[in-house]
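Asks: Sharing a structure with you now.
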Amino acid sequence: MSRVRRGFKARRRRNKILKLAKGYHFDRRTKFRHAAHTVVRALHFSYIGRRLLKRDMRRLWIVRINAATKSLGMSYSKFMGAMKKNQIEVNRKMLADLAVHDFNGFKAIHQSLK
């Protein structure tokens, strides 16, 4: 049986990993085994980071809404409860944006709850 050289498929697989390892230092950039290990870790951490970003942004929005409602003499939980009770469906991201950039608009929403 003749020897099979695995040129095309193997090279394509290796180059895909080495392309992802661009910008890494030393052997992590040039040697396939080191690059493959590092790329897998990097992709894993970026996956985790995307979820952590969502969590952190929601916490930031809640802090901003809480600060705005406190200045109007109400707690965050009572404000959100009143929003739900009055069926005002504005998400936290938009409420936080209103609280920071258009406080009069946020105050109008707050006064419509009473």
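Asks: Please work out if ASP97 is surrounded by 12 or more Cβ atoms within 10 Å (Cβ to Cβ), out of contact with any His (no Cβ under 7 Å at 6 or more places or on another chain), in a helix (DSSP H, G or I) and modelled with pLDDT of 95 or more.
Replies: Details: surrounded by 12 or more Cβ atoms within 10 Å (Cβ to Cβ): yes; out of contact with any His (no Cβ under 7 Å at 6 or more places or on another chain): yes; in a helix (DSSP H, G or I): yes; modelled with pLDDT of 95 or more: yes.
When the stated conditions are applied, ASP97 passes them.
Asks: Any residue in region 60-87 that's in contact (Cβ under 8 Å) with a residue 40 or more places away in the chain and closer than 16 Å to PHE103 by Cα: show its pairings with residues that are polar (S, T, N, Q) and not in a helix (DSSP H, G or I) at Cβ separation under 9 Å, as long as the two are six or more apart or on different chains.
Replies: Cβ pairs passing all conditions: THR69/SER75.
Each row is one residue, and each column tells you yes or no for (1) of a type in the set (Gly, Ala, Ser); (2) at pLDDT below 95; (3) loosely packed, with under 10 Cβ neighbours inside 10 Å; (4) not in a helix (DSSP H, G or I).
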position: SER2; (1), (2), (3), (4): yes, yes, yes, yes
position: ALA42; (1), (2), (3), (4): yes, no, no, no
position: SER46; (1), (2), (3), (4): yes, no, yes, no
position: ARG51; (1), (2), (3), (4): no, no, yes, no
position: LEU60; (1), (2), (3), (4): no, no, no, no
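Asks: Related question: Quick check on my filter: what residues within region 101-113 are loosely packed, with under 13 Cβ neighbours inside 10 Å and touching a residue at least 12 places away in the same chain (Cβ under 8 Å)?
Replies: Of everything in region 101-113, just one residue is loosely packed, with under 13 Cβ neighbours inside 10 Å and touching a residue at least 12 places away in the same chain (Cβ under 8 Å), namely SER112.
Asks: Looking at region 79-92, which of its residues are exposed (fewer than 12 other Cβ atoms within 10 Å of the Cβ) and either in contact with a Phe, Trp or Tyr (Cβ under 6 Å, 6 or more places away or on another chain) or part of a helix (DSSP H, G or I) (or both)?
Replies: Hits for region 79-92 are LYS84, LYS85.
The values are calculated or read from the model by the stated rules, or taken from the named source; none is laboratory data. Nothing here was measured: the structure is a model prediction, and the numbers come from that model. When we count neighbours, we look across all protein chains shown, and the Cβ atoms used for this are built from the backbone with ideal geometry, even at glycine.
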